[in-house]
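Q: Before I ask anything, let me first share the structure, which is written out below as C-alpha cells.
The values are calculated or read from the model by the stated rules, or taken from the named source; none is laboratory data. It should be emphasised that the depicted structure is a prediction, and the values quoted were computed from it without experimental measurement. Virtual Cβ from ideal backbone geometry, glycine too; neighbours counted across all protein chains shown.
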Amino acid sequence: MSDKNKKKKTALNVMKGIKSPSSLSAEAANKFLQHKKKKLEIDEIVAGIFKGDISTLSSAITLVESNLAKHREISNQIIEKCLPKSGNSIRIGITGVPGVGKSTFIEALGMNIIKKGHKLAVLAIDPSSEQSGGSILGDKTRMENLSAQKNAFIRPSPSSGSLGGVARKTRETILLCEAAGFDIIFIETVGVGQSETKVHSMVDFFLLLMLAGAGDELQGIKRGIMEMADTVVINKADGNNIKKAQLAKAEYQNALHLFPPAESGWIPNVLLTSAIENLGIDDVWNSIIDYKKMTDKNNFWQSRRQNQAKFWMHETILESLKSDFFNNDENKKNIIEFETKVINGEINPFNAAKELLDNYFNKKNS
C-alpha cells in the first residue's frame, strides 16, 4: 500500500468542511473596536488628569466645553470617573466692578497661596460677543507671574452667551481641576451682574472687590450681591487713595450690618488691599481660612456643597430640556412659523409657547 493510500485511511484524517462564518458582522466588529478604543482613550485621559498633567487636563476641559454630542458623551464619562477624586478644594468666587483690578488682585493672592504650598486653578470667565461669539481671553497675559508657576493653572473660558457671562461648563471644569490635584479654585466673573448668582451657587467663599473714591460707594451695587459677599475687599488702597479707602470701609461695614445674619453664621468683613503693592493680601487669605474653619465646625460647609449639588442637578435638567427643544429640527420650523404669527398678532406669545410645548411633548410621548 502506498504512503498516499495509508494517509487517506488514517483515523486522524479530517474532512474539509464549510468555513465557519464570523460570529460578528463587520459593522458590529467595527463598533466593538471603536468602543474599546474609546474606553482606552477615556482611561488614558483620566489617568493623565489624576497625574496632574496640564495638557491632558486642558484637552478634557475642551471636551467639556464642546457642544458636539459625541464630545459631550466622552466628557460625561471622564467626569464620572473623576468624581471620586473631586471635592477636596476651596472654591472661591471673585467678582468686582470694572477697573477694580481683578486680574492684579488674583495674581497677588494666587502667588501668596502658591508660596504656602497649594496648587491653584484660576477659571477666568471672559465675555463673549453676542454677534461673533468671540471673546477676549486675555486673563492669562495679564497674570504673567502667576501663569509661569508650575503649581498654577489659568484657564480662560468664553461665556458663550450664557446668563451673565458665566461659562456653561464651569462646574464640570471645577471637578476636573480638583481631580488633577488643585486644592484652591478661583472663579473670576465678568463683572457685577446676574452672573454672580450662578457663581455663588458653585463656590464655598465669595469675594466682592470694590473701589474707593469712585462716586457714591453703594450706588449701583445690588443688595443681592452685597448679601452674597463673605468678604468685601476694597482694592487699590494705596497712595492718595488710603483715606478714601478707609472711609469706604466704614460705609460698607455699616451697610453689611443692616443685612440679616448669614445662614452660615459668618459675619462678613471688609478689608483693604493694594494688590500692586501686595498689601493686605494675607488678611484676605486668613479671612478665607477662618471661614473654612468655622463652617466646617458648624457643618455648614458640607451642607452648602450638598445643596449646590442638588441645585446643579436641576440646572442640568433645565439645560438639557432647553437644548433638546431648540435643536429639534421640527421644532425649529414650528418656532419660525409661530414667531411670524406672534409678530402679525394672530396669536399671543403665551398661547404660542403652549402650543409649541404641547406639540413637542406629545411627539415625545407618542
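Q: With T295, T340 as the choices, which residue is at pLDDT 90 or above, of a type in the set (S, T, N, Q) and either surrounded by 13 or more Cβ atoms within 10 Å (Cβ to Cβ) or not in a helix (DSSP H, G or I) (or both)?
A: Exactly one of T295, T340 is at pLDDT 90 or above, of a type in the set (S, T, N, Q) and either surrounded by 13 or more Cβ atoms within 10 Å (Cβ to Cβ) or not in a helix (DSSP H, G or I) (or both), namely T295.
Q: Shifting gears a bit: Among L176, L163, L208, L120, which is the only one that is crowded, with 23+ Cβ neighbours inside 10 Å, in the same structural domain as N278 (by TED's automatic domain parsing) and at pLDDT below 95?
A: Values: L176 fails: at pLDDT below 95; L163 fails: crowded, with 23+ Cβ neighbours inside 10 Å; L120 fails: at pLDDT below 95.
Selected residue: L208, the only one of L176, L163, L208, L120 that is crowded, with 23+ Cβ neighbours inside 10 Å, in the same structural domain as N278 (by TED's automatic domain parsing) and at pLDDT below 95.
Q: Further question: It is to be established whether one or more residues within segment 343-366 are loosely packed, with under 13 Cβ neighbours inside 10 Å, part of a helix (DSSP H, G or I) and either under 23 Å from the mean Cα position of the chain (by Cα) or of a type in the set (F, W, Y) (or both).
A: yes
Q: Also, I was wondering about something else. Out of (1) part of a helix (DSSP H, G or I); (2) at pLDDT below 95, what's the single condition that is false for E130?
A: Going through (1) part of a helix (DSSP H, G or I); (2) at pLDDT below 95 one by one, E130 breaks only (1).
Q: May I pose another question? Could you give me the residue pairs with C-beta distances under 8 Å whose first residue belongs to segment 334-347 and is β-branched (V, I, T), whose second residue is loosely packed, with under 15 Cβ neighbours inside 10 Å and assigned to a loop (DSSP other than H, G, I, E, B) wherever it lies, and which are 6+ apart or on separate chains?
A: Qualifying pairs under 8 Å: V342/N348.
Q: Taking the condition of being over 19 Å from the mean Cα position of the chain (by Cα) and either charged (D, E, K, R) or surrounded by 15 or more Cβ atoms within 10 Å (Cβ to Cβ) (or both), how many residues in segment 298-321 meet it? Let's see the steps before the verdict.
A: Filtering segment 298-321 for residues over 19 Å from the mean Cα position of the chain (by Cα) gives 298-303, 321.
If we keep only those that are either charged (D, E, K, R) or surrounded by 15 or more Cβ atoms within 10 Å (Cβ to Cβ) (or both) as well, we get 300-301.
Number of matching residues: 2.
Q: Here is a further query. Filter segment 100-116 down to the residues that are among the β-branched types (V, I, T) and over 17 Å from F206 (Cα atoms) and list them by number.
A: Passing the criteria: T104, I114.
Q: If the Cβ limit is 6 Å and pairs must be 6+ apart or interchain, which residue in segment 86-102 that is in the same structural domain as I187 (by TED's automatic domain parsing) and under 25 Å from E277 (Cα atoms) pairs with which residue that is of a type outside the set (F, W, Y) and surrounded by fewer than 20 Cβ atoms within 10 Å (Cβ to Cβ)?
A: Close Cβ pairs (under 6 Å, with a partner that is of a type outside the set (F, W, Y) and surrounded by fewer than 20 Cβ atoms within 10 Å (Cβ to Cβ)) amount to P98/G191.
Q: Would you check if there is a residue in segment 263-276 being free of Cβ contacts under 8 Å to residues at least 24 places away in the same chain and loosely packed, with under 15 Cβ neighbours inside 10 Å? Outline the logic, then answer.
A: Narrowing segment 263-276 to residues free of Cβ contacts under 8 Å to residues at least 24 places away in the same chain: 267.
Next, only the ones that are loosely packed, with under 15 Cβ neighbours inside 10 Å stay: 267.
Yes; the residues of segment 263-276 include at least one that is free of Cβ contacts under 8 Å to residues at least 24 places away in the same chain and loosely packed, with under 15 Cβ neighbours inside 10 Å.
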